1. Each residue of segment 183-188 in turn: what ³J(HN,Hα) in whole Hz from Karplus with 6.51, -1.76, 1.60 and θ = phi - 60°, glycine and Pro shown as x?
2. Mind checking which of Thr53, Ala143, Ser111 is farthest towards the positive end of segment 32-167's charge dipole, using Cβ charges of +1 (Lys, Arg) and -1 (Asp, Glu) about the Cα centre?
3. Within segment 127-225, what whole-number % of the accessible surface is contributed by carbon and sulfur, with the 1.4 Å probe and all protein chains included in the calculation?
4. How much accessible surface area, in Å² rounded to 10, belongs to the heavy atoms of Trp201 with a 1.4 Å probe?
5. Keeping every protein chain in place, order Val215, Val65 by accessible area at 1.4 Å, biggest value first, i.e. largest first.
6. For segment 218-227, what does the Karplus curve 6.51 cos²θ - 1.76 cosθ + 1.60, with θ = phi - 60°, yield as ³J(HN,Hα) per residue in whole Hz, taken in order and with x for Gly and Pro?
7. Once you sort the root eigenvalues of the Cα gyration tensor of segment 51-184 as a ≥ b ≥ c, which label holds: rounded (a/c under 1.5), prolate (a/b larger than b/c) or oblate (the other case)?
8. At a probe size of 1.4 Å, how large is the accessible area of Arg114, to the nearest 10 Å²?
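The values are calculated or read from the model by the stated rules, or taken from the named source; none is laboratory data. All of these numbers come straight from a predicted model, not from anything done at the bench. Methodologically, a virtual Cβ is constructed for each residue, glycine included, from the backbone with ideal geometry; neighbour enumeration extends over all protein chains shown. Quick note on the areas: whole protein, heavy atoms, side chains included, nothing else; ligands and nucleic acids left out. Shrake-Rupley method; radii C 1.70, N 1.55, O 1.52, S 1.80 Å.
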Amino acid sequence: MDKQLSAPISMKNCRKRTLGSIGTFLVLCSALRAEEKCPGEIKLLLSPPTIQTVIATLGFEHRTVGRIFLFDTEELGLSKQGAIVRVRQGRDNDLTVKVRLPAGDKGVDASMLRKHFPCEVDRTAAGEDISYSVGRKYKPHRAPELGEDISGALSPPQKRLLLEAGVSIDWSRVKRLANIRLSKWESAAEPSFRRLALELWESPGGQILELSAKVEPGTGASKYAELQRLLVEKGLTLSASQGTKTSLILENLTHPASPLR
């Protein structure tokens, strides 16, 4: 009797496992297709002392200047949840909330974020991250310093992004952590790239020089490698530190013994 029952049960379990595997496969394929629809941006950090060589070699011009303020808790409570809160002043006067998720992160329902918020795939030396962001015009009489100033200025879509991304923060513990001097240049179109952008971030913790380019969905890896080859051909020097500007600035605040270079 037991032998007669064991076969149907095993087959049933097998069918469940098969269906489960197919479901997982379809979910993964759906996620990959959705990611391929997100525009991309590739980012490489160069050695800041070589900035004049970079400008001359790649034909950068039309410098604009401004300020960037980053907000977080002393323990980087927002950053650890993948959230960035940034205020820009200068040519752009805005308040941006961004949530950056590592590719394949299962902790957040990315499909829901993609339905409601603009997405972008950022490619750096560390790999690819999917980011969702919402900005709004913001030009206060003076630069904000406290989290209450920021939380009160958030638009409903910005609050919704933080909520749906599962970001929880006590705004009374948030403050302005970084005051960055921004210089930005753009170049004429390079072969294979629509346009290159160069940003220099200067703060008490050091300087960061980033070269970036917008790319078509699904081309981040190949375009990143192509940009690396271009820099080698031009004899331009990469920075010893690689990653995103915001992460490096905030990490430097908590580990000041490691200067940016």
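1. After applying 6.51 cos²θ - 1.76 cosθ + 1.60, I find 10, 9, 10, 10, 10, 5 Hz.
2. Ala143
3. Summing carbon and sulfur atoms, their accessible area is 51 percent of the total for segment 127-225.
4. Estimated to the nearest 10 Å², Trp201 gives 10 Å².
5. Final ranking, largest accessible area leading: Val65, Val215.
6. Values, residue by residue: x, 10, x, 5, 5, 5, 4, 4, 5, 5 Hz.
7. Oblate, since a/c reaches 1.5 and b/c is not below a/b.
8. 50 Å²
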